[in-house]
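Read through the structure below, which is laid out as structure tokens, and then see the notes.
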Amino acid sequence: MLLLSTYRLTKSELPIITDNYQILHFDEYPILFIGTNKYGNKLIGSLADDDEDNNVFSYFTVILDDETYNAFLNKQITYRDIILNSDEIYIVQKDINGNILSKCVTEKSLIPSEYIPLENSYMPEFSFQEGQLNFSFSLKGKLADLHKAIVEDINIITEKIYVFLQEGLEVINHLNLDPVIYSQPSSTGSYRLNFDIEFRNIHSNNLFNLNLNKVTSFVQEFLTYLNSINTLEELIHNKDTDTFKDLFKKLEDISLNNFKEKSSISRDFLNDQIYKSTYKLYNVSEYLKDANSFDRIEFGNRNVDGNFKTLGFIYDNKHYIRHHEVMNKYIAFPDETFIDSNPQDYRILVYRINKETGKGAARLYLDDSEKYQKINLIILNNHNDLANTIFTQSLDENKVVTVKGKATIIDGVYRKLVCDLTNPPLSLFDQNS
């Protein structure tokens, strides 16, 4: 049993968790947990000793900096590493009702070896709130630490974060979930911006077999992976990593469960989405150089109780893209995007379509050969049923048809075709209907 009398008593409030309390491991009692104190410092704690006869429990708590906290949550270091590298370790003694009996401070050399965590004491598996995508971006440093910010900085960074999330959701665009991003009022935690993502099309018939929990889990892992890439070399060779292979397997599983036919999702598709989303994340990172209100961002996931779990940190000097000319070699920039100014005739074969939302996919034939490019298809139809249109005819009869639309071409590759049926010419409908 720990002899608290051998340690130095303290009146400090630093080791007391007041907010964001989360139990990471539970076995009759909370064994491992994280949270923040009233000053906003991050803490990690564990049950060190229990005197069940007297209903007295002793806990270790350690104050963490952002980098150490993030490294632990991402299983880069162990709890043992944290204890052995901490200058100060607090011991908080509580009764069965959670009332504080005493607080002590010590150093690792004074803790008996049997109380030091094991070598494999990594972060346990963490379960996100199932079926929900609730993200927070906590602005840190400068004015943000005083819970305020310049309006222009907030407007610009909010827009850049929104664009990053929007691009990230493109990786599941083929599922026709029709996600919408809502901005919630900011909350404390320096200056925290909240974004909630809801799916407007989850009740469509073609989503009958879709596991929404797997979708949300995948998106969270995808966004976390984007921020974990630190060098240009890692980006170029990311398809060789185990994380990429695991992400692709999960994306393929989601896609195959949703569609009757074999999904067209490929490793190149996922890799392309990683490149494009990383560029949007780079834009967030770049603005940190110019912002007067903050100099770094902690982003994470919120549960229904508002508790926050860190997914990563964004710094102005972390990401590998330092110059546009380097990035331009690997990622299509907005000024390399071409969109038809007026509707043009295009030959397509529709192989997937949501008759309510108008979103789908098609093969685009640019000449009379059998060569084609796969594109995203968007039909603007005011959410009217697309039955008896030329698009459903193409799908049902496996037939190449000619339609009018505006194509988006990025870096010479056709990506998207938008057809407007809100005021359609007669030719867009099946003449036999």
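The values are calculated or read from the model by the stated rules, or taken from the named source; none is laboratory data. Nothing here was measured: the structure is a model prediction, and the numbers come from that model. Glycine gets a Cβ as well: all are built from the backbone with ideal geometry, and neighbour counts include every protein chain shown. Note: areas computed on protein heavy atoms with side chains; ligands, DNA, RNA excluded. Shrake-Rupley method; radii C 1.70, N 1.55, O 1.52, S 1.80 Å.
Okay, here's what the table says:
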{"item": "Cross-chain or 6+ apart pairs with Cβ under 6 Å, the range 214-225 first and closer than 17 Å to residue 298 by Cβ, then assigned to a helix (DSSP H, G or I) and open to solvent by less than 10 Å² (accessible area, probe 1.4 Å)", "result": "223/168"}
{"item": "Test: residue in the range 3-22 that is of a type outside the set (S, T, N, Q) and touching a Pro at 6+ places or on another chain (Cβ under 8 Å)", "result": "no"}
{"item": "Residue identified as open to solvent by less than 20 Å² (accessible area, probe 1.4 Å), hydrophobic (A, V, I, L, M, F, W, C) and under 23 Å from residue 23 (Cβ atoms) among 96, 116, 82", "result": "82"}
{"item": "Count - residues of the range 1-18 that are surrounded by 15 or more Cβ atoms within 10 Å (Cβ to Cβ) and farther than 15 Å from residue 100 by Cα", "result": "2"}
{"item": "Subset of the range 147-183 [aromatic (Phe, Trp, Tyr), part of a helix (DSSP H, G or I) and either open to solvent by 30 Å² or more (accessible area, probe 1.4 Å) or modelled with pLDDT under 85 (or both)]", "result": "162"}
{"item": "Close pairs (8 angstrom Cβ cut-off, 6 or more residues apart or separate chains): of a type in the set (Phe, Trp, Tyr) in the range 1-29, open to solvent by 80 Å² or more (accessible area, probe 1.4 Å) and modelled with pLDDT of 85 or more anywhere", "result": "7/110"}
{"item": "Of all residues in the range 56-65 being open to solvent by less than 20 Å² (accessible area, probe 1.4 Å) and more than 26 Å from the chain's Cα centre (by Cα), the one that is farthest from residue 96 (Cα to Cα)", "result": "62"}
{"item": "Complete set of residues in the range 291-309 that are at pLDDT 80 or above, surrounded by fewer than 21 Cβ atoms within 10 Å (Cβ to Cβ) and either aromatic (Phe, Trp, Tyr) or more than 15 Å from residue 191 (Cβ to Cβ) (or both)", "result": "none"}
{"item": "Residue within the range 126-139 that is at pLDDT below 90, in contact with a Lys or Arg (Cβ under 7 Å, 6 or more places away or on another chain), open to solvent by 10 Å² or more (accessible area, probe 1.4 Å) and of a type in the set (A, V, I, L, M, F, W, C) present", "result": "yes"}
{"item": "Within the range 19-55, tally of residues that are open to solvent by less than 80 Å² (accessible area, probe 1.4 Å) and either within 18 Å of residue 82 (Cβ to Cβ) or of a type in the set (Phe, Trp, Tyr) (or both)", "result": "21"}
{"item": "Selection within the range 368-397 - part of a helix (DSSP H, G or I) and open to solvent by 10 Å² or more (accessible area, probe 1.4 Å)", "result": "390, 393, 395, 396, 397"}
{"item": "Which listed residue, of 204, 121, 186, is modelled with pLDDT under 90 and within 30 Å of residue 32 (Cα to Cα)", "result": "186"}
